[in-house]
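The values are calculated or read from the model by the stated rules, or taken from the named source; none is laboratory data. If you're wondering where the values come from, they're calculated on a predicted model, not measured in any experiment. With ideal geometry, Cβ positions are generated from the backbone for all residues, glycine too; neighbour counts draw on all protein chains shown. Protein only, heavy atoms only, side chains kept; ligands, DNA and RNA dropped before computing areas. Shrake-Rupley method; radii C 1.70, N 1.55, O 1.52, S 1.80 Å.
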Amino acid sequence: MTSAIPPHTPGPQVRARTLVRKPKLWLVPTVLSALVAVGLSLLYMGGILNPNDNLHRLPVALVDEDRGTPLPGQREPLGKQITDRIVAGSSDDSVHWRRLDRAQAQDALASGEIFGALVVPEDFTASVAALTTNRATVRPTITVLTNPGLGSLGSSITAQINQSAAHQASLAIGKQLAAGTDVPTTRLLLADPVAVTTQVGHPIGRHSGLGLTAFYYTLLLVLGGFIGGNLVNSGVDTSLGYADSEIGPWHSRYPTVPIDRTQTLVLKMLMTAGISLLTTTLVMVATITVLGMDASHLPMLWLFSYCATVAVGLGVQAINAAFGGIGQLVSMFVFIALALPSSGATVPLEATPGFFRFLGLFEPMHQLGAGVRSILYFDARADAGLARGWIMIAVGTALALAFGFAMTRYYDRRGLRRLTPQPA
């Protein structure tokens with residue numbers, strides 16, 4: 001069924017040392033390797049080096065529950081003064097402070113809309129006022145709420161911002177209180193009177209990788225679609241006789257099947273959709289059953305995972321059909337190189353340069369990651385990213401089909417055959 005390449009080619013054999021001196025042989029791989037190396041370095045390192053300096057409108061809630069009577073000489077409770085001072089002091093647009101009540105903040109945490117919250121309790125003004133009397137029983141406290149479902153780094157950055165804001169508020173309050181006493185010991189105790197406690201605002205499972213399982217699971221789906229699509233592409237081309245099969249020293253070619261580019265793409269896309277059923281199921285079995293990853297809404301997770309893998313696989317097939325030999329490199333940049341640093345999973349998009357925030361608007365890993373994160377951590381809420389994930393899967397699939405078949409039909413109409421058929 002195969003026509004083997006003869007073991008020896010007639011005529012004199014060319015030596016490697018002769019070819020290595022030819023500049024043209026070096027040109028294309030050298031230029032491509034250099035461009036890929038520089039591009040990957042700038043993409044991956046450029047997105048993570050300065051998360052604090054690149055902060056742009058990181059969403060954080062301010063919750064003022066203070067209902068105490070204003071201190072003598074003041075017109076507002078301390079909670080209102082603190083939250084006003086925090087908002088007024090955020091002039092660099094690095095943090096987007098959202099004034100919410102406690103129920104709204106809890107809902108925003110549960111939907112992944114905010115990275116954390118700073119909560120001033122109801123008795124805050126009263127507990128501060130008691131510090132200057134003999135009625136003080138507890139230290140005034142401001143609570144910092146975190147949201148680990150949005151990633152450990154994002155949660156950590158938000159906690160630091162909230163703790164710093166609470167500490168500055170404590171120093172300002174201490175300065176006001178200390179001004180009313182001349183006792184050195186009292187002034188020292190009142191210098192930093194407010195305690196800051198940190199609590200988890202929206203807990204996730206213990207086997208959730210500190211909020212990173214959504215990212216790595218999404219990466220598995222994208223890699224499954226990317227690698228599976230390329231394996232189908234090369235396997236079909238080999239089986240149809242449009243590419244050589246080389247395994248170790250064995251080199252062969254199958255008889256060429258007379259088929260146009262459009263029908264070849266149909267075959268590859270159908271096989272991609274079929275094989276993705278297996279890969280998606282195995283990914284879930286390996287991560288959830290074998291490794292014990294915390295996951296709920298399993299039917300929804302499987303369906304979303306399958307559709308995500310198929311969308312990526314179809315995109316790979318469309319790009320390979322359009323670009324031919326360099327299609328794998330192009331699809332690698334589209335689905336891996338550009339997608340990883342703009343995913344917003346390890347480093348929040350709000351803590352990356354503007355270029356990566358722009359990529360996050362359409363790069364597949366960010367959209368798919370939001371859907372997976374919603375299913376794993378936020379009870380599969382549509383407003384937690386699941387709706388956007390489904391929309392982008394549909395858009396990506398439609399674009400892959402439209403682009404792929406538009407290019408293959410164009411090539412077929414122009415009579416651009418892939419190669420001259422080989423005899424059986």
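The figures follow:
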{"quantity": "Heavy-atom accessible surface of the chain: percent carbon and sulfur, 1.4 Å", "calculated": "64 percent"}
{"quantity": "Correct choice for Rg/Rh (Cα atoms, Kirkwood Rh) that was computed from the model, options (i) 0.98; (ii) 1.16; (iii) 1.03", "calculated": "(ii)"}
{"quantity": "Solvent-accessible area per residue for the range 222-282 (1.4 angstrom probe, square angstrom)", "calculated": "50 Å²"}
{"quantity": "Length-normalised contact order of the chain in % [C-alpha pairs under 8 Å, at least 6 apart]", "calculated": "18 percent"}
{"quantity": "Cα-based helix-to-principal-axis angle, 213-239 vs the chain, degrees rounded to 10", "calculated": "10 degrees"}
{"quantity": "Volume in Å³ per residue [convex hull over Cα atoms, computed for the range 147-303]", "calculated": "194 Å³"}
{"quantity": "Net charge, GLU122 excluded, C-beta distance under 11 Å - Lys, Arg +1, Asp, Glu -1", "calculated": "-2"}
{"quantity": "Spatially proximal lysines relative to LYS80 (Cα-Cα < 29 Å; intrachain offsets below 8 disregarded)", "calculated": "LYS175"}
{"quantity": "Considering only the chain, percent of DSSP beta bridges that pair antiparallel, nearest 5", "calculated": "40 percent"}
